[in-house]
1. Please specify each residue of segment 59-80 satisfying the condition of being farther than 17 Å from residue 34 by Cα and either free of Cβ contacts under 8 Å to residues at least 40 places away in the same chain or not aliphatic (A, V, I, L, M) (or both).
2. Looking at segment 138-149, can you tell me whether even one residue there is among the β-branched types (Val, Ile, Thr) and closer than 18 Å to residue 242 by Cα?
3. From (1) of a type in the set (Lys, Arg); (2) under 29 Å from residue 203 (Cα atoms); (3) without any contact (Cβ under 8 Å) to a residue 40 or more places away in the chain, pick out the condition that doesn't hold for residue 96.
4. Taking the conditions exactly as written (more than 16 Å from the chain's Cα centre (by Cα), farther than 17 Å from residue 22 by Cα and among the basic types (Lys, Arg)), does residue 116 satisfy them or not?
5. Pull out all pairs, ordered by first then second residue, where Cβ-Cβ is under 7 Å, the residues are six or more apart or on different chains, the first lies in segment 218-243 and is touching a residue at least 60 places away in the same chain (Cβ under 8 Å) and over 12 Å from residue 130 (Cβ atoms), and the second is of a type in the set (Asp, Glu) and surrounded by 14 or more Cβ atoms within 10 Å (Cβ to Cβ).
6. Give, as residue ranges, the strands (runs of 3 or more DSSP E) completely inside segment 1-80 that count at least 2 residues that are surrounded by fewer than 23 Cβ atoms within 10 Å (Cβ to Cβ).
7. Counting residues that are more than 22 Å from residue 25 (Cβ to Cβ) and touching a Phe, Trp or Tyr at 6+ places or on another chain (Cβ under 6 Å), which helices (runs of 4 or more DSSP H) fully inside segment 129-244 reach at least 1?
8. Restricting to segment 69-92, give me the number of residues that are within 26 Å of residue 222 (Cβ to Cβ) and more than 18 Å from the chain's Cα centre (by Cα).
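Bear in mind these aren't lab numbers, they're just calculated from the coordinates by the rules spelled out. Just so you know, these numbers come straight off a predicted model, no measurement behind them. Here the Cβ positions follow ideal geometry from the backbone for every residue, glycine too, while neighbour counts run over all protein chains shown.
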Amino acid sequence: MEISFAGKRALVTGASQGIGREIVKQLVKCKAQVVAVARNNDLLVSLKQEVPSIEIITLDLSDWAKTEEALQNIGPIDLLVNNAGLAILGPLTEVKEEDVDRLFGINVKSLINATKIVVNNLLARNVPGSIVNVSSQASLVGLNNHTVYCASKGAVDAFTRAAALEYGPKGIRVNAVNPTVIMTDMGRLGWSDPKVAGPMLEKIPLRRFGEVQEVVDAVVYLLSDKSSMITGTCLPVDGGYVAS
């Protein structure tokens, strides 16, 4: 399937590592001009060394005002990937207020703010656009020691549906992808122990975890005109986990 974003500008948050980093690379391969946003300046600089055509912005997206300031003169944006995310796991009885604030600050609040900025950008130019939110299977099923994380990703899915409804008449599509465990560098560290991985793998019909490129491909498809009739959808990339 040939996908081209020639003439399009894309904004990717959480772009410095893992899934976000690979999304940036794939979008550039598909001829998009990419603005990469993340907190870690060193990793962003190394990404730009790999992909010199991109623009980089070092930014803590949890700061609403600084995000507005940094992105207000960003220029035309046609595509948005809200990939920035945070996981803080543990029993509900041990959750701290700061954990809730940090999780919702990144996973929900910053996503809403970035989407608002890009939607205003699209509306001001009276052009269509496509937005993809990186959610999680944790929005669709309960997971042990994930209570607040599950709640934050459930909010992402609800926001995705509502934004799709609100701006569909303007030609702005909003979708989400909902991955299972993905074998990023961090994923391999966390799930390399068979005792940890085994029970989760037993619930995945394909009996394996996902690879980064499998999420990237889903994101790129939903961004593209190949999915022109798809909006308000939360697409599991989970090997069938939620079907089991």
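1. So the first thing to find is which residues in segment 59-80 are farther than 17 Å from residue 34 by Cα, and the list is 60-69.
Scanning segment 59-80 gives 60, 62, 63, 64, 65, 66, 67, 68, 69.
2. So the first thing to find is which residues in segment 138-149 are among the β-branched types (Val, Ile, Thr), and the list is 141, 147-148.
Now drop any that are not closer than 18 Å to residue 242 by Cα, which leaves 141, 147.
Checked segment 138-149: at least one residue is among the β-branched types (Val, Ile, Thr) and closer than 18 Å to residue 242 by Cα.
3. (2)
4. Values: more than 16 Å from the chain's Cα centre (by Cα): no; farther than 17 Å from residue 22 by Cα: yes; among the basic types (Lys, Arg): yes.
For residue 116, the condition - more than 16 Å from the chain's Cα centre (by Cα), farther than 17 Å from residue 22 by Cα and among the basic types (Lys, Arg) - is not met.
5. 234/157; 237/214
6. Details: elements: 9-13, 33-38, 55-58.
Counting at least 2 such residues, we get 33-38, 55-58.
7. Values: elements: 147-167, 185-190, 194-202, 212-223.
Helices (runs of 4 or more DSSP H) meeting the threshold: 147-167, 194-202.
8. Keep residues of segment 69-92 that are within 26 Å of residue 222 (Cβ to Cβ), which gives 70-71, 74-87.
Right, trim to more than 18 Å from the chain's Cα centre (by Cα) and you get 70, 74-76.
The number of residues fulfilling the criteria is 4.
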